[in-house]
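What follows is a short report on a single structure.
The values are calculated or read from the model by the stated rules, or taken from the named source; none is laboratory data. These figures come from a predicted structure and were not determined experimentally. Don't worry about glycine lacking a Cβ; one is built from the backbone with ideal geometry, like all the others, and counts go over all protein chains shown.
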């Protein structure tokens, strides 16, 4: 009965909010306020937050800090992210309530865990942990948030980060459970955006059976440790010598400090069972979320070093090291990342605990291992000595059957140090759900409703409701910027709504410039701007790609040569061309019709159930 009443209140609140919005849009402020109050009284969180802000700002209604506090608190208690951040501000300043650093910190944490991406909020949280404002001092957490704020250009975060001894803080987080155990690094609780949002690219993931979308916010409320390095030959053979692992690997001194590979997921479980019994500690494989959180080490780019992989920073095919495409390298051959972890990218790929799921839709919360899906296979991450730099991107996903061994695949240990009660309950439920499902493999499904091919350098990718078309670029001019032309691509796509979009990308992840100009036979026919917007609840962000209108597409189909320019606008409103690319519109007209025909055929197959 309570649930039905709650649902009815939610409907009333949503309806009243819609009426309030409509009234305000039409300039009827009195009627808008009336409906806004009704929505807030019915428990509509966004309305409560807006009403709280109106009492705070004054104007249409008299300023009242106490009422502002009460309405904002109601919204925050429902998980409203912006309201939680306002509650932090009220408690820290004493606006409508007595100052309270502890409660201020609590609401700041809540806003960050709910998806607040404001860079100043990250810096404030870093200060709290560094100075112990409203919480216990935690240098590791402080540095984590400082790194994230600094990566987004926050000047005070950069300055503060330069003044602290990061290496010393990392050293304090290192421990070993036994002489032959891997060295572990304590990682702070935290939150990050997992995956990548780049809907206009077709090669985000090297394995086409998987995607790294949708990009989503992950809160890790627990403290855990990760192996400083991958498990080595010597550490594996200690398990063999103790009869915990059945199969020995290369026992030569030369290989002792190399990561152990050619170990299946099941065999990794043997090692974990042995070391857990030996130390009386619950070692395990990292979850996919934990792995990406650790690999990112506080940054949001494709690599911890930026949008591209600098030379000789990892061991992979084409990375520029002495081991490239030859063999594994000894652990600690390359500099550690910001968390003090070695070779998270390259050298040996690393098993995670998660079952295979094609995308992140329905993913368990709080970084829990995904125990349902295609559990005959498991996800592995990081790329290896014989894979391309693309496979080393922090969001790239691969999978293998649990019994498979690969010369480029090893593992790294994880260990929960301080569990969050709600997370423990959710993990237990997820594990039970996994135990009850039938064993299945991702390869048993119907063929995908998609296809790809390449003609004369033009790359095609299509599904039943959208397509991507990559022209064969020529005459790329980088205007002295110095982009590696090998990784520059232009994509034209048609979305499921029928709209067309255009985007340059660099290294698979980065849009070039914030303005796009399109010329047909030397005449400018289009100017579009890349923008981002945050959802009303503050929990998600969406990139809006420059869209092409139908008349622009018609001009492209009747023209001969197109030139696309990526332009950056300076603070003084002057514009700088970053890069341009020309391609044949005669070819575009032909291939555009061809790919849309492929899409229509696939759509028919989808309708009759011939593909998934």
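Among the residues of segment 158-194, what is the count of those that are modelled with pLDDT of 90 or more and closer than 16 Å to residue 123 by Cα?
Taking segment 158-194 as the starting set, the residues that turn out to be modelled with pLDDT of 90 or more are 158-160, 174-187, 194.
Right, trim to closer than 16 Å to residue 123 by Cα and you get 158-160.
Total meeting the criteria: 3.
Out of 412, 393, 381, 406, which single residue is buried (at least 21 other Cβ atoms within 10 Å of the Cβ) and more than 21 Å from residue 224 (Cα to Cα)?
Details: 412 fails: more than 21 Å from residue 224 (Cα to Cα); 381 fails: more than 21 Å from residue 224 (Cα to Cα); 406 fails: buried (at least 21 other Cβ atoms within 10 Å of the Cβ).
Sole residue among the options that is buried (at least 21 other Cβ atoms within 10 Å of the Cβ) and more than 21 Å from residue 224 (Cα to Cα): 393.
Residue under question is residue 320, and the condition is that it be touching a residue at least 40 places away in the same chain (Cβ under 8 Å) and under 28 Å from the mean Cα position of the chain (by Cα); does it hold? Let's see the steps before the verdict.
Working: touching a residue at least 40 places away in the same chain (Cβ under 8 Å): no; under 28 Å from the mean Cα position of the chain (by Cα): yes.
Against the criterion (touching a residue at least 40 places away in the same chain (Cβ under 8 Å) and under 28 Å from the mean Cα position of the chain (by Cα)), residue 320 does not qualify.
Assess whether residue 155 counts as being under 24 Å from residue 100 (Cα atoms) and modelled with pLDDT of 90 or more. Full working, then the answer.
Working: under 24 Å from residue 100 (Cα atoms): no; modelled with pLDDT of 90 or more: yes.
So residue 155 fails the test.
Looking at (1) closer than 27 Å to residue 415 by Cα; (2) in contact (Cβ under 8 Å) with a residue 12 or more places away in the chain; (3) outside any loop (DSSP other than H, G, I, E, B), which is the only condition residue 157 fails?
Failing condition for residue 157: (1).
Give me the pairs, please: first residue somewhere in segment 11-23 and over 13 Å from residue 40 (Cα atoms), second residue anywhere and surrounded by 15 or more Cβ atoms within 10 Å (Cβ to Cβ), beta-carbon distance under 7 Å, and either six or more positions apart or on two chains.
23/31; 23/32; 23/35
Kindly provide the set of residues from segment 110-122 that are buried (at least 21 other Cβ atoms within 10 Å of the Cβ) and assigned to a helix (DSSP H, G or I), ordered by number.
Residues satisfying the conditions are 111, 112, 122.
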